[in-house]
Amino acid sequence: MNLKRTLALSHLLTGLLVSVMIIALLGTLRLLTPPIDTIGETLLHINAQSTQVANAVTSVVTYFRGLDTLGEVSILFLSIFGVALHMQHSTRNLFGAHDTLLQIGAQVLFPLIVLFGVYIITHGHLSPGGGFQGGVIIASAFVLRFLAYGDHYEPSARLLTLSESLSGAGLVLLGVLGLLLGDRIFAQILSLGTMGTLLSGGVIELVYLFVGLKVAAEMTLLSQHFIKARDV
Amino acid sequence: MIPFLIIATLLSLLAAAVMAIYSRDPAHSVLSYMGFGLGSTVLYLLFSAPDVALTEAVIGAGVGALVFVVALLQTQNKEQP
Amino acid sequence: MFERLGLVLMGIGALFLLLSALGLWRMPDTLSRMHASTKASTLGILLVVLGAVCHTPELWFKLGLLGLFVLLTNPLSASILGHSSYRKEGFYSPDHIDALKEESL
């Protein structure tokens, strides 16, 4: 007991010391160096010229680094593949609660949460957010239904797999089309539109739509596998 | 005002991390971990990176909590019967 | 003028949030803690949203949606919490009346 308390105290002291050091380090770095804005300024400049996208982070993620996003999405696909191989379905649900109030609340909240996710996806080039965040929000609506209904709710696995694979194929197709028609992968092959409106950005909006659909389907499948897993 | 908020958020992050390590009940650890995610969301917002903040909120509160809660339920079901 | 009113409303809301946190800390058992935390925090969040509407009236639609969402989810989650706490440990009632038991949950 005494040893444990001493250990906890020493850990606490170490944590405090490290955080004080980090704060001091950040402070001195900020004092010593001039503000670093070489890459940021250049990116903002290029962004204002070549893509009509209000949110510069989006244009970096999907346009300048589109191939990285493709790799990220394929990593997610591999992880859901591994989970699906590893965990077999059982009919038992971990969340077996049947609460009438929760079921009614889930019915009311489900379309609202899906709508919010779709808003986050489609406004990814205007405001913070994008395909990944909106997709996970849509999947959380499905998790709410799993919580409320237990065994009585099974989203169609075929539909989920179909939408997931179709959106993944669409994403790859968009990249290859950019490679064929333009000069590089995910090149801009559509008209840009004006900055700040919903239909601006050309390819970027399509990339985020595909990524959002894919992430939503994958996360729903993943949570379904986790929740309905047999004891491994 | 902003540096004060940043330091307060950092201290609460430290408290949440210590609680996540040293609490007896694993459920309390999971809750502290979620509090840690919330605090880091606020921190990213204060550093004016709303995209990262949104991702952290979604991952920390959605996926991470789901994985931990499912793991907790699996282990508890194994112990009790 | 409206900005001043919004700031005052936000201050009152923050006060209610502080009270709910205090109740969460000081109350003895689960149900009294929920009694302190859920209602006061719902009122506090709604007051903060109302203050934000008074402060920047252009955002009224999004803030109204936010308030509606809080109004939908906060009592629901409190009800679920209370139910699961009852299922796990029951509750203390001085006159031995347990209305939930008679409903045969």
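Listed values, structure above:
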{"read-out": "Inter-residue pairs, beta-carbon under 7 Å, first more than 7 Å from chain A (Cβ to nearest Cβ) and over 17 Å from A:ILE137 (Cβ atoms) and in segment B:51-74, second among the small types (Gly, Ala, Ser) and surrounded by fewer than 16 Cβ atoms within 10 Å (Cβ to Cβ), 6+ apart", "value": "B:LEU72/B:ALA27"}
{"read-out": "Flag if B:TYR33 is farther than 21 Å from A:LEU12 by Cα and crowded, with 16+ Cβ neighbours inside 10 Å", "value": "no"}
{"read-out": "Residue count for segment A:132-168, restricted to those that are modelled with pLDDT under 85 and touching a Gly at 6+ places or on another chain (Cβ under 7 Å)", "value": "1"}
{"read-out": "Which listed residue is loosely packed, with under 13 Cβ neighbours inside 10 Å, touching a helix residue (DSSP H, G or I) at 6+ places or on another chain (Cβ under 8 Å) and at pLDDT below 90, from C:PRO57, C:PRO75", "value": "C:PRO57"}
{"read-out": "Some residue of segment A:167-176 being within 14 Å of chain B (Cβ to nearest Cβ), buried (at least 18 other Cβ atoms within 10 Å of the Cβ), among the small types (Gly, Ala, Ser) and over 16 Å from A:ARG65 (Cα atoms)", "value": "no"}
{"read-out": "Conditions (1) in a helix (DSSP H, G or I); (2) hydrophobic (A, V, I, L, M, F, W, C); (3) touching a residue at least 60 places away in the same chain (Cβ under 8 Å): number failed by A:LEU180", "value": "(3)"}
{"read-out": "Any hit, segment A:142-152, residues being part of a loop (DSSP other than H, G, I, E, B) and charged (D, E, K, R)", "value": "no"}
{"read-out": "Answer from B:SER40, B:SER23, B:SER12 - the residue that is hydroxyl-bearing (Ser, Thr, Tyr) and buried (at least 17 other Cβ atoms within 10 Å of the Cβ)", "value": "B:SER40"}
{"read-out": "Test set (1) under 13 Å from the mean Cα position of the chain (by Cα); (2) closer than 24 Å to A:MET195 by Cα - A:ALA54 fails condition number", "value": "(1)"}
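The values are calculated or read from the model by the stated rules, or taken from the named source; none is laboratory data. Note that this is a predicted model, so its numbers are computed, not measured. Don't worry about glycine lacking a Cβ; one is built from the backbone with ideal geometry, like all the others, and counts go over all protein chains shown.
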